[in-house]
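What follows is a set of notes on a single structure, which appears directly below.
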Amino acid sequence: MKNIYTWAAKPAKRTLTVGDLKAAKGKRKFTQVTANSVEEAEAAEKAGFDMIISNAKNVIPVREGSKNLFLTAALVLNEFVTTEDIMRGAFKALENGADAVMTPRSMDIVEMLAKEDVPVMGHLGLVPRKSTWIGGLRAVGKTADEAYELFQKFKRLEDAGAFSAECEVIPENVMGEISKRTDIVTVSLGSGKNADVMYLFMEDICGDIENPPRHSKAYGNLLRLRNEIKLERVKALKAFKKDSMNGKFPGKKQSSNLEKKQFEEFLDQLD
């Protein structure tokens, strides 16, 4: 556990720092999962994850659930639009307890943040919100030319000052070669095992999604449990309505009566 000061100048302890991640590149693997609530962050820490990533607007509850894990705050494209939005959002997330921010924006935006010593994670490969530019949702780097162009983007991201990158749906062998040739800490989301960090969404790992992406793997079945809860809720409501209509509810356990003598006196007073 490392002692740090947060961007709010408060002492804190972290399992990892940016310095640790950079020093460990190519030497050991880490794990990352999304967390956007107290409960999810708590679960990630109890499960022994190294890193969590949340929406920048959820940092406070996430940090409440996990005091010590390395937390990245995602500056979502349509929520942080202008450069002022981005800068304010980044500093607010860091003030609230994040250790880094993630942005899928341009190299200029990354450079703007990095110049202020903000630890920045970029986003390369498939960026779903920008998928129209590549013809839809697909792997990026499927040809030699496209793979080399992707490598050049990694080097530009490195030059812009990013310390890390979310690497989404890149062929495994391409990811491996790029990761060896960049100082950036590579975070694999559907990009195989040759990156520095293995990353999946909480709902993918826990089996809490109807149509999971091909690169995910469910290790639980929360969706089944949620569906069972829905069925049990309707079942309970129907039973309550039925008993209410036929006089079975409320029963003796759910009701009380005035003692006989007191009740008679009450009736006399009514008359």
Using DSSP, restrict attention to beta bridges with both residues in segment 1-145 and report what percent are antiparallel, rounded to the nearest 5.
25
Quick one: plug the Kirkwood hydrodynamic radius of segment 60-153 (C-alpha pairs) into Stokes-Einstein at 4 °C, 1.567 mPa s, and report D in µm²/s.
88
What helix-only [θ] at 222 nm does the chain give? Using -39500 (n - 2.57) per DSSP H run of at least 4, over all residues, to the nearest 500, the answer is -12500 deg cm²/dmol
Size descriptor, Kirkwood hydrodynamic radius, that averages inverse alpha-carbon separations across segment 1-142, Å
15.8
Where a label projected 7 Å from the Cα of THR83 along Cα→Cβ would reach, residues of segment 107-136 with amide N under 16 Å
107-118
Taking every C-alpha to C-alpha distance in the chain and binning by 10 Å from 0, the per-bin percentages run 6, 24, 29, 15, 7, 6, 6, 4, 2, 0
Write down the accessible area per residue of the chain in Å², having rolled a 1.4 Å probe over the full set of protein chains.
59
Within the chain, which is the longest segment that contains none of the trypsin sites (Lys or Arg not before Pro) sitting in a DSSP loop with at most 15 other Cβ atoms within 10 Å?
68-114
With label points built 7 Å along Cα→Cβ from the Cα atoms of LYS46 and MET1, find their separation and express it in nm.
1.8
Give, rounded to the nearest 20 debye, the magnitude of the charge dipole that segment 82-241 has about its Cα centre when Lys and Arg contribute +1 at Cβ and Asp and Glu contribute -1 at Cβ.
1060
Antiparallel DSSP beta bridges within the chain, percent to nearest 5
10
The lysines whose Cα lies under 16 Å from the Cα of LYS27, excluding any fewer than 8 residues away in the same chain, are LYS180, LYS193
What does the convex hull of the alpha-carbon atoms of segment 168-229 project to on average, in nm²?
4.2
Relative contact order of the chain, please, whole-number percent, based on alpha carbon pairs below 8 angstrom and at least 6 residues apart.
13
On the full set of protein chains, 1.4 Å probe, figure out the accessible area of SER179 and give it in Å² to the nearest 10.
10
On the accessible surface of the chain, probed at 1.4 Å, how many percent belong to carbon and sulfur atoms?
53
ASP108 versus GLU259, label points 7 Å from Cα toward the beta carbon: distance in nm?
8.4
Longest principal axis of the chain (C-alpha) makes with the long axis of helix 260-270 (C-alpha) an angle, in degrees to the nearest 10, of 80
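The values are calculated or read from the model by the stated rules, or taken from the named source; none is laboratory data. Predicted, not measured: the structure shown is a model, and the values here were computed from it. Don't worry about glycine lacking a Cβ; one is built from the backbone with ideal geometry, like all the others, and counts go over all protein chains shown. Keep in mind that these areas ignore ligands, DNA and RNA; they rest on the heavy atoms of the full protein, side chains included. Shrake-Rupley method; radii C 1.70, N 1.55, O 1.52, S 1.80 Å.
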